[in-house]
Amino acid sequence: MADHRDLIKEEFSRQASSFEDRKYSFGDPRVLSWILDNVPVSPSEIVLDVAGGTGHVARACAERARCAVVLDLTAEMLEVGKGEVDAAGVHNVIFQRGEASAMPFLDRSFDLVISRFAVHHFPDPATALAEMRRVCQPGGRVAIMDLVVGEPDHADSYNHRERLRDPSHTRALTTEELSSAMRAADLEIVSTVERDQPILLERWLSQTNPPDTVATQLRAEIEAELAGGPQTGMRGLRKADDLYFTQRWAIAVGRPQAEPQ
């Protein structure tokens, strides 16, 4: 696991400066609005954004919540996010370095624990979900938004191509696997929602800047699939002259089950 943590830090330290692109998934205000529409935040709540990167979700929540904390493993991500909130004069967002699998917080510290686009990077999702449940208040919520497998029959192919582009990717779950993992962490699922999201292939590739051989391979495989070739799990499509593929995103919200008396 230590090696995978190093890989995550290496990958995301390189990506930190690009996370503020409002036209891409991480910083897109439309994506943040979709999350908050399905995970509403109240003014009294204290929010934890787990593996939050530069803190887009925490910053959006902080506009409505009492305060928000961003936890992330990568110092460069936290520094970019802290610079953004300082420049904006925001005073109710806190940045903390740490691991999702061993959080530096006491039990029952947060009203809402949320994580976005992170579970598919965790080497051990069960441990991270148990930690999220641990730091959540009784009656609070744990909300996971992540990319999930759109075609379960091609899950291995899909995850293989995600790892080619970003070696820190471990495995995207299906929506049912995500819900099952949350239930195993003693979270009662109260809502789930999904959406299919077209992703511009070239922008997706530029985010991680894989070797040219990998980028060429992925382009060729999606083109071949569109021409009737082998299925990749990427669900490619064309819009005008641009090549896209399709991610499926899911939000699952759970509540900690009552502890035995």
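Within this structure, residue 203 fails the test of being more than 25 Å from residue 10 (Cβ to Cβ) and either touching a residue at least 60 places away in the same chain (Cβ under 8 Å) or of a type in the set (A, V, I, L, M) (or both). Counting only residues that are closer than 26 Å to residue 112 by Cα and out of contact with any Pro (no Cβ under 7 Å at 6 or more places or on another chain), the stretch 160-213 holds 24 of them. Taking into account only those residues within the stretch 18-57 that are of a type in the set (Gly, Ala, Ser) and within 23 Å of residue 163 (Cβ to Cβ), which is modelled with the lowest pLDDT? It comes out as 18.
Does residue 70 meet the test of being more than 26 Å from residue 59 (Cα to Cα) and touching a Phe, Trp or Tyr at 6+ places or on another chain (Cβ under 7 Å)?
Working: more than 26 Å from residue 59 (Cα to Cα): no; touching a Phe, Trp or Tyr at 6+ places or on another chain (Cβ under 7 Å): yes.
Answer is no for this residue.
Restricting attention to the stretch 205-230, the residues that are surrounded by 15 or more Cβ atoms within 10 Å (Cβ to Cβ) and part of a loop (DSSP other than H, G, I, E, B) add up to 1.
Look at (1) over 23 Å from residue 33 (Cβ atoms); (2) of a type outside the set (S, T, N, Q); (3) assigned to a helix (DSSP H, G or I) and you find that residue 120 fails only one, number (1).
The residues listed here are 235, 195; of these, the one that is basic (Lys, Arg), touching a residue at least 24 places away in the same chain (Cβ under 8 Å) and surrounded by 13 or more Cβ atoms within 10 Å (Cβ to Cβ) is 235.
Checking the conditions here, which among 112, 71, 106 is in contact with a Cys (Cβ under 9 Å, 6 or more places away or on another chain) and either crowded, with 22+ Cβ neighbours inside 10 Å or of a type outside the set (Ser, Thr, Tyr) (or both)?
On the way: 71 fails: in contact with a Cys (Cβ under 9 Å, 6 or more places away or on another chain); 106 fails: in contact with a Cys (Cβ under 9 Å, 6 or more places away or on another chain).
Only one candidate passes the filter, namely 112.
The values are calculated or read from the model by the stated rules, or taken from the named source; none is laboratory data. Computed from a predicted model, the values in this text were never measured in an experiment. Here the Cβ is made from the backbone with ideal geometry for all residues, glycine too, and neighbour counts use every protein chain on show.
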